[in-house]
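Notes follow the structure.
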Ligand SMILES: Cc1cc2nc3c(=O)[nH]c(=O)nc-3n(C[C@H](O)[C@H](O)[C@H](O)COP(=O)(O)O)c2cc1C
């Protein structure tokens, strides 16, 4: 399939994995996004918040919860130009049941009409949560493809899962 870009948001630093707080030098979603981009030979773009999230897990959860409650749209200092692409493979972690709010900022910043978005969501047990419904609401004129849930702490061994999802969806 042509004209595909992989866009992701990911947070390195302290995180929750299999009941423990651990330090991630590289975020789980970033690791999965890099694998996907390599598998299909697609370009990769990172969404980055302008005001960095705290390193500490609890602090980060606190801020993300507040942003969700306030329906905030945090500014981005890194984004993606999707204008030339038909398909967007969109990766994000599950934060408090849905996409981190910087992803909402991104989804409202571009025109996704007629494009197809394939979401993949890394998480520690909540699956994709409400993220796919939220995505469809934010991009009513995009087609949303099959969403994939990936266990964040198992990303390193997720090649087969990622490959079969990509193949099922024609990539
Ligand atoms: C702020 C925050 C909120 C989170 N909320 C959830 C959640 O509601 N459900 C869940 O299963 N995992 C949750 N997690 C765990 C992440 O979804 C999981 O570790 C993910 O793989 C992190 O991806 P990243 O390293 O690319 O940021 C949360 C993690 C953080 C930092």
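The values are calculated or read from the model by the stated rules, or taken from the named source; none is laboratory data. Keep in mind that this is a model prediction, so the values were computed, not measured. Positions of Cβ are backbone-derived with ideal geometry, glycine not excepted, and every protein chain shown enters the neighbour counts.
Laid out as a table, the results:
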read-out	value
Identity of the residue in segment 56-75, surrounded by 15 or more Cβ atoms within 10 Å (Cβ to Cβ) and within 12 Å of the ligand (Cβ to nearest atom), that ends up farthest from residue 102 (Cα to Cα)	57
Pairs where the first residue, in segment 150-171, is within 24 Å of residue 16 (Cα to Cα) and the second is assigned to a helix (DSSP H, G or I), C-beta under 6 Å, 6+ apart	150/32; 152/28; 155/28; 155/31; 155/32; 162/35; 162/36
Matching option when the condition is within 12 Å of the ligand (Cβ to nearest atom), surrounded by 13 or more Cβ atoms within 10 Å (Cβ to Cβ), within 19 Å of residue 135 (Cβ to Cβ) and modelled with pLDDT of 95 or more, among 92, 53	92
Matching residues in segment 1-12 - criterion: being touching a helix residue (DSSP H, G or I) at 6+ places or on another chain (Cβ under 7 Å) and either away from the ligand (no atom under 11 Å from the Cβ) or in a strand (DSSP E or B) (or both)	4, 6, 8, 9
Filter result (buried (at least 17 other Cβ atoms within 10 Å of the Cβ) and either within 8 Å of the ligand (Cβ to nearest atom) or part of a strand (DSSP E or B) (or both)) within segment 33-49	44, 45, 46, 47, 49
Those residues of segment 95-111 which are at negative phi, surrounded by fewer than 22 Cβ atoms within 10 Å (Cβ to Cβ) and in a loop (DSSP other than H, G, I, E, B), in sequence order	110, 111
Residue pairs meeting the criteria (Cβ under 8 Å; at least 6 apart or on separate chains; first assigned to a strand (DSSP E or B), in segment 52-76; second surrounded by 17 or more Cβ atoms within 10 Å (Cβ to Cβ))	76/47; 76/49; 76/102; 76/105; 76/106
Hey, residue 19 within 15 Å of the ligand (Cβ to nearest atom) and free of Cβ contacts under 8 Å to residues at least 12 places away in the same chain or not	yes
In segment 25-43, the residues that are over 13 Å from the mean Cα position of the chain (by Cα) and either touching a residue at least 24 places away in the same chain (Cβ under 8 Å) or within 25 Å of residue 118 (Cα to Cα) (or both)	26, 35, 37, 38, 39, 40, 41, 42, 43
